[in-house]
Every structure is written in structure tokens, then in C-alpha cells.
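Student: Got a structure for you, questions after.
The values are calculated or read from the model by the stated rules, or taken from the named source; none is laboratory data. Given the structure is predicted, the values throughout are model-derived calculations rather than measurements. We place every Cβ from the backbone using ideal geometry, glycine too, and count neighbours over all the protein chains shown. Note: accessible area is taken over every heavy atom of the protein model, side chains too, but ligands, DNA and RNA are not part of it. Shrake-Rupley method; radii C 1.70, N 1.55, O 1.52, S 1.80 Å.
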Amino acid sequence: MRVAVLGSGGREHALLAGLARSSSVRALYAVPGNAGTRDLAEPVIGVAPADPKAVAGWAELAGIELVVVGPEAPLVAGVADELAGRGLRVFGPSAAAAAIEGSKAFAKDVMAAAGVPTATAEVFTDPGAAVAALDRFGPPWVVKADGLAAGKGVTVTTDRAAAEGAIRAALVEGVHGEAGARVLLEAFLDGPEASLFAVTDGRVVLPLAPARDFKRAGEGDTGPNTGGMGAYSPLADMDEGLVAEVRRTILEPTVAELARRGTPYTGLLYAGLALTSAGPKVIEFNCRFGDPETQVVVPRLTSDLAALLAAACDGTLGTAELTWDPRACVTVVLASGGYPGAYPTGLPIEGLDEAAAVEGAQVFHAGTALDGEGRVVTAGGRVLAVSALGADVAAARAAAYEAAGRVRFEGVTLRRDIAASA
């Protein structure tokens, strides 16, 4: 197959690396990719991933046989609809189904109808009513922007003033734009979190290996939420039996409810879970592979990734089989100084080859670009995700940090406690 991946982050680099191992792939394209993906895929510049007509027009001309959509924004914008409407194979849900991530209120409605365990929640557009409702929730208080906010629309706090500030920021100050025109107040779900990806063709639901990410900027899970500062897989507290329970009580009922509504879901359904004392409950759904969890899940997959994704598109997932590397994988994100706030770009990056030379390590580019002299420079908040495979989590963690320590750029920041408790 001729395969294209939409997006430019670490998730897309990891997907391209997995697809490059697939015997069913003969050509790879990155739309647009980054400085690191050029070794794996031909970059496609000038086609905006969230422009449905531009993507579909290019894919037709290029003879693309499978389009894999990385980020959520193109899906919510209807890229999958446009591609499917032209008879092109696309891994990713329709815009109507992608609302499972695009609107947290919609997701809550779907879960309520499907009987899926999740936190109780209320939706608000009036800031005064939302502030008054804090008395019915928390502490801790959970305040969420309804729409897509690049992983930064969630506040979890024991400080009532901070909770009120999150409400005002969304509903009065408009810091999240339209994504924050509605907010949800949710009951706090206690227990460790886990990420479970599942590939689905709209009927069959096939879970992948579970992972755990670290969303806070600071060590000890302190500081503001980010897009994710690291991850690891597998999880000692989420065995095959618990994965099967999540499949039965959460994933399959959600997919069935979306089909019942006339919006069948095909692609990657990502369940963000809290492993509570009362069993697993949904914190949120995403409509695509997670970042940085993809950087620890895909390196462990030994079966053909392209064939798996194509089977989901073709409705033949029931015959697919998954095989996994028994080793663990840990990824550590190297971020720009100041992230998730303001940060500089264009800073030269050194030590990439030295990092990749560590046994079991692979460096996934996230926010990188090439400057006019062909040097790799920073171009985003999360710059690199340094992953490593090891015999167990401790070995993988040691290798990931050894590799991460060989990368240098001005102001580099990282958490040094990723997977430490595992």
C-alpha cells in the first residue's frame, strides 16, 4: 500500500516508524511530518491536514491507498468524511463520530445511553451558575472545557479559587475560544489512570496494549497540565482480564451506541480511564491515537500495523491478530523551556545520533524543523519523545533516560520521574 499519515508530532513519527516495519507498505508519506520523519516518509508540504478537500484532492492524485489521521482536529473538521466520500480508505472516524472527543458533553450523553461507567457531570454556559455548582462537587474540583483545547482545557484542583478561575477563564475570558464556550463540572475519580487504545471497524473492537501517561509539567504530578510528558507500557495494574472487562463494559457498548445513533465509529477509540476501587471508569474519550502513549505502544507491536489499520477500514477486523514484544517501553518527553506556557523556537538540537545509539532507544521528533542550513531545530513545546525498550519497566526507563541525557538544546526541560513508581 501507499500510505499517508496526517500530522507533524511525535505520535505521527511513531506511527510512521511502525508502518515502515509493515511488509504491506511500499511507500510512506508524511503530511507534513517534521525533521525526524523525513528518514521514513516523503514530506508533503502545502497540504493542510485539517483541510478536507485539500487532503482528499492530494490523496487522489498521489494514489494513496490508506490515509491514517494522527491529530483530532482534522477528524473533527471532517477529513475522514471527505476521503471516504471519494472512495478512499481512511483510518479515522467521521466528524459526527469524532464528537466523542470534540464535545465532552456529547461523550457524556453517549456514555449515559450506553450504560458506560463514568463520573457524574453537569454542563454550564453561565459562569455564575457554574461557580455556584462547585458546592455540589469536590474538592478536588474537576473543570473541563467542552471542546478541543490541545490537552490544556482540564483543571483538577483542591483550591476552590483555582476552580473558579478555570471557569472564568473559559466562560468569561474565552482563553479556549469556542472550545470553552461550555464547561463541565465533574465528580473526581480516584485511582490510577490508564490509557487503552482500541482499533474498531464499527462492530469488532480490538484493544491494544494499555499504557500510562504523565500529564502534569512538574515532577510528582505538579504544575499545569500539558499534552503529556512521558509514558510507559505495559501496566502491572491492568492485566488481560481487566482489559477484557474494559472492552466488555466500556468500549463495545460505546461503539454499539454510536452505531445505533447512525454514526458508526471506525478508527482508533482511546479510553482514558480511572482504575477506581469500584472498577474502571471513563475520564474521557479521544478519537485518535494518544501522544505520548503511541510512542510506547507502537514500538511494542510486532504484528503488521498497516494491515491492522486497513482491516478496520475494510470491516474485516474480526480476522486480525495482534502480537506484542514482551519487553516494556518507556518514553520521556523533552520540552522547550517555558512549556506549556510561552517558549522560544529555532534552537539548534544536538546529540540526536548519540541518543539513538543507546541500545533499545528511538528518538521520535515532535516539535522539530530544519533551518536554512539543514540543522534540526526546535519548533514546538514538546520537542522530542525519547523511547526505549527494555526487559522490564526499570530497564526501559534507564535506557530512555540515558538516551534523553545525550540530547542537548538550550532550555531543555523534562520530568525525571516518568515510570519511577512502576
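Student: Does residue 223 count as assigned to a strand (DSSP E or B) and at positive phi? Give the steps one after another, and end with the answer.
Tutor: On the way: assigned to a strand (DSSP E or B): yes; at positive phi: yes.
Taking the combined requirement at face value, the residue satisfies it.
Student: Now, a different point. How about segment 274-390: which helices (runs of 4 or more DSSP H) wholly inside it have at least 2 residues that are without any contact (Cβ under 8 Å) to a residue 60 or more places away in the chain and surrounded by 14 or more Cβ atoms within 10 Å (Cβ to Cβ)? Lay out the reasoning, then the answer.
Tutor: On the way: elements: 294-297, 305-314, 352-356.
Filter on segment 274-390 gives 352-356.
Rundown of residues vs (1) crowded, with 18+ Cβ neighbours inside 10 Å; (2) farther than 21 Å from residue 117 by Cβ; (3) within 20 Å of the chain's Cα centre (by Cα), yes/no style:
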site: 209; (1), (2), (3): yes, yes, yes
site: 212; (1), (2), (3): yes, no, yes
site: 222; (1), (2), (3): no, yes, no
site: 228; (1), (2), (3): yes, yes, yes
site: 234; (1), (2), (3): yes, yes, yes
site: 237; (1), (2), (3): no, no, no
site: 240; (1), (2), (3): no, no, no
site: 245; (1), (2), (3): no, no, no
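Student: May I pose another question? I'd like to know if segment 161-182 contains one or more residues that are touching a Leu at 6+ places or on another chain (Cβ under 9 Å) and touching a residue at least 60 places away in the same chain (Cβ under 8 Å).
Tutor: So far as segment 161-182 goes, yes, one or more of its residues are touching a Leu at 6+ places or on another chain (Cβ under 9 Å) and touching a residue at least 60 places away in the same chain (Cβ under 8 Å).
Student: Can you name the residue in segment 188-197 that is aliphatic (A, V, I, L, M) and over 19 Å from residue 138 (Cβ atoms) and is also surrounded by the fewest Cβ atoms within 10 Å (Cβ to Cβ) among such residues? Step through it out loud before you land on a result.
Tutor: Here is the first cut: in segment 188-197, the residues aliphatic (A, V, I, L, M) are 189, 194, 196.
With over 19 Å from residue 138 (Cβ atoms) added as a condition, the list becomes 194, 196.
Numbers: 194: 24, 196: 26.
Checking each candidate, the answer is 194.
Student: Sticking with this structure for a sec: Out of all the residues in segment 10-31, is one or more at positive phi and modelled with pLDDT of 95 or more? Break it down stepwise before answering.
Tutor: Filtering segment 10-31 for residues at positive phi gives none.
Within segment 10-31 (the criterion being at positive phi and modelled with pLDDT of 95 or more), the answer is no, since none of the residues qualifies.
Student: Considering only segment 32-50, state which residues are open to solvent by 10 Å² or more (accessible area, probe 1.4 Å) and part of a helix (DSSP H, G or I).
Tutor: 38, 39
Student: Could you figure out which of (1) within 17 Å of residue 91 (Cβ to Cβ); (2) in a loop (DSSP other than H, G, I, E, B); (3) among the hydroxyl-bearing types (Ser, Thr, Tyr) isn't true of residue 29?
Tutor: Of the numbered conditions (1) within 17 Å of residue 91 (Cβ to Cβ); (2) in a loop (DSSP other than H, G, I, E, B); (3) among the hydroxyl-bearing types (Ser, Thr, Tyr), the odd one out for residue 29 is (2).
Student: Taking the criterion of being at positive phi and open to solvent by 50 Å² or more (accessible area, probe 1.4 Å), would at least one residue in segment 51-74 satisfy it? Show your work before the answer.
Tutor: The initial filter retains those residues of segment 51-74 that are at positive phi, namely 63.
Restricting the remaining residues to those that are open to solvent by 50 Å² or more (accessible area, probe 1.4 Å) gives none.
No, segment 51-74 contains no residue that is at positive phi and open to solvent by 50 Å² or more (accessible area, probe 1.4 Å).
Student: May I pose another question? Can you tell me which residue is least open to solvent (accessible area, probe 1.4 Å) among those in segment 16-26 that are of a type outside the set (Ser, Thr, Tyr) and either free of Cβ contacts under 8 Å to residues at least 12 places away in the same chain or not in a helix (DSSP H, G or I) (or both)? Steps first, please.
Tutor: Within segment 16-26, the first condition is being of a type outside the set (Ser, Thr, Tyr), and the residues that meet it are 16-21, 25-26.
Subsequent filtering for residues that are either free of Cβ contacts under 8 Å to residues at least 12 places away in the same chain or not in a helix (DSSP H, G or I) (or both) retains 21, 25-26.
Working: 21: 128, 25: 31, 26: 167 Å².
Residue satisfying both the conditions and the ranking: 25.
Student: Give the residue, chosen from 419, 394, 398, that is over 30 Å from residue 3 (Cβ atoms), under 21 Å from the mean Cα position of the chain (by Cα) and not aromatic (Phe, Trp, Tyr). If you could, list the steps in order and put the result at the bottom.
Tutor: Details: 394 fails: under 21 Å from the mean Cα position of the chain (by Cα); 398 fails: under 21 Å from the mean Cα position of the chain (by Cα).
Only one candidate passes the filter, namely 419.
Student: If you check 403, 396, 420, which single one turns out to be out of contact with any His (no Cβ under 6 Å at 6 or more places or on another chain) and either open to solvent by 10 Å² or more (accessible area, probe 1.4 Å) or closer than 17 Å to residue 9 by Cβ (or both)?
Tutor: Values: 403 fails: either open to solvent by 10 Å² or more (accessible area, probe 1.4 Å) or closer than 17 Å to residue 9 by Cβ (or both); 396 fails: either open to solvent by 10 Å² or more (accessible area, probe 1.4 Å) or closer than 17 Å to residue 9 by Cβ (or both).
Answer to the selection: 420.
Student: Based on what the data block shows, is residue 199 at pLDDT below 95, not acidic (Asp, Glu) and not in a helix (DSSP H, G or I)? Give the steps one after another, and end with the answer.
Tutor: Working: at pLDDT below 95: no; not acidic (Asp, Glu): yes; not in a helix (DSSP H, G or I): yes.
The answer is no for residue 199.
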